[in-house]
Amino acid sequence: MRSFVDWMKDPAKGFWVKDYWDPASGKMKTGGSKLVLQPHQERILEYALTMQPDGTFPHTRLLYSEIKKSGKTTLEAAIACWYADEAPDGTEIYVISNDDDQSKKLVLNDIKYHVAHEVPDAWITSGKITYPNDTYIQSVAQDYASASGSRHALTLWDELHGYKS
């Protein structure tokens with residue numbers, strides 16, 4: 001499995017975003033572009049999302065935090081799509097959010113935009129994206145009983161501070 005940073009830098013891959021910051025103009029733009037990682041993101045994610053020689057990642061949990069409106073949700077969506085591209089066929093990926101509305105409107109919308117550009121044969125519904133190789137990314141609300149018994153390979157948790165124990 002190639003690292004997340006290598007996938008992001010590959011001109012044939014990477015992650016499509018609808019809205020992006022244009023450093024040249026200093027403004028947000030709309031119209032589609034590939035996401036560009038900041039140097040600190042590259043360093044952190046190169047370490048955390050590169051498999052070791054034994055086929056495991058350095059850690060089983062990664063908590064990534066930045067200031068509000070810094071693109072955390074978009075980065076989460078990019079990680080989901082990287083894993084869907086690189087993992088074995090039939091991989092299960094869950095994006096878990098505080099509620100169903102947040103789950104479908106935030107991360108999944110970013111994923112859908114990317115998939116529409118890169119995986120034309122994917123089957124997209126309101127809460128699930130299934131790749132042609134049966135790998136899927138599914139949004140799940142905090143009361144994730146609907147995902148019990150899953151064989152997930154990756155879970156991504158959005159707005160972790162809102163979860164009840």
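The values are calculated or read from the model by the stated rules, or taken from the named source; none is laboratory data. All figures in this text were calculated on a predicted structure; none of them were measured in a lab. Don't worry about glycine lacking a Cβ; one is built from the backbone with ideal geometry, like all the others, and counts go over all protein chains shown. Side chains are part of the model used for accessible areas, which takes the heavy atoms of the whole protein and leaves out ligands, DNA and RNA. Shrake-Rupley method; radii C 1.70, N 1.55, O 1.52, S 1.80 Å.
The conditions are (1) surrounded by 12 or more Cβ atoms within 10 Å (Cβ to Cβ); (2) in contact with a Ser or Thr (Cβ under 8 Å, 6 or more places away or on another chain), and residue 89 fails exactly one of them. Which is it?
Condition (1) is where residue 89 drops out.
Might you check whether a residue that is crowded, with 18+ Cβ neighbours inside 10 Å, touching a Gly at 6+ places or on another chain (Cβ under 9 Å) and of a type in the set (A, V, I, L, M, F, W, C) occurs anywhere in the stretch 1-11?
Yes, there is a match, as at least one residue in the stretch 1-11 is crowded, with 18+ Cβ neighbours inside 10 Å, touching a Gly at 6+ places or on another chain (Cβ under 9 Å) and of a type in the set (A, V, I, L, M, F, W, C).
Just to check your reading of the model, which residue among 80, 116 is open to solvent by less than 50 Å² (accessible area, probe 1.4 Å), under 16 Å from the mean Cα position of the chain (by Cα) and aliphatic (A, V, I, L, M)?
Numbers: 116 fails: open to solvent by less than 50 Å² (accessible area, probe 1.4 Å).
Sole residue among the options that is open to solvent by less than 50 Å² (accessible area, probe 1.4 Å), under 16 Å from the mean Cα position of the chain (by Cα) and aliphatic (A, V, I, L, M): 80.
Within the stretch 45-57, track down each residue that is over 21 Å from residue 111 (Cβ atoms) and outside any loop (DSSP other than H, G, I, E, B).
46, 47
Scanning the stretch 92-111 for residues that are in a loop (DSSP other than H, G, I, E, B) and not charged (D, E, K, R), which turns out surrounded by the fewest Cβ atoms within 10 Å (Cβ to Cβ)?
By that ranking, first place goes to 98.
Look at residue 56 and say whether it is in contact with a His (Cβ under 9 Å, 6 or more places away or on another chain) and either modelled with pLDDT under 95 or closer than 19 Å to residue 155 by Cα (or both).
Numbers: in contact with a His (Cβ under 9 Å, 6 or more places away or on another chain): no; either modelled with pLDDT under 95 or closer than 19 Å to residue 155 by Cα (or both): yes.
Judged against the criteria, residue 56 is not a match.
Just checking, how many residues over the stretch 67-76 are open to solvent by less than 50 Å² (accessible area, probe 1.4 Å) and more than 13 Å from residue 37 (Cα to Cα)?
Qualifying residue count for the region: 1.
Considering only residues that are assigned to a helix (DSSP H, G or I), farther than 11 Å from residue 111 by Cβ and not aliphatic (A, V, I, L, M), which ones fall in the stretch 58-81?
Within the stretch 58-81, 72 is the sole residue that qualifies.
Look at the stretch 13-39 and say how many of its residues are open to solvent by 70 Å² or more (accessible area, probe 1.4 Å) and part of a loop (DSSP other than H, G, I, E, B).
Matching residues across the stretch 13-39 total 4.
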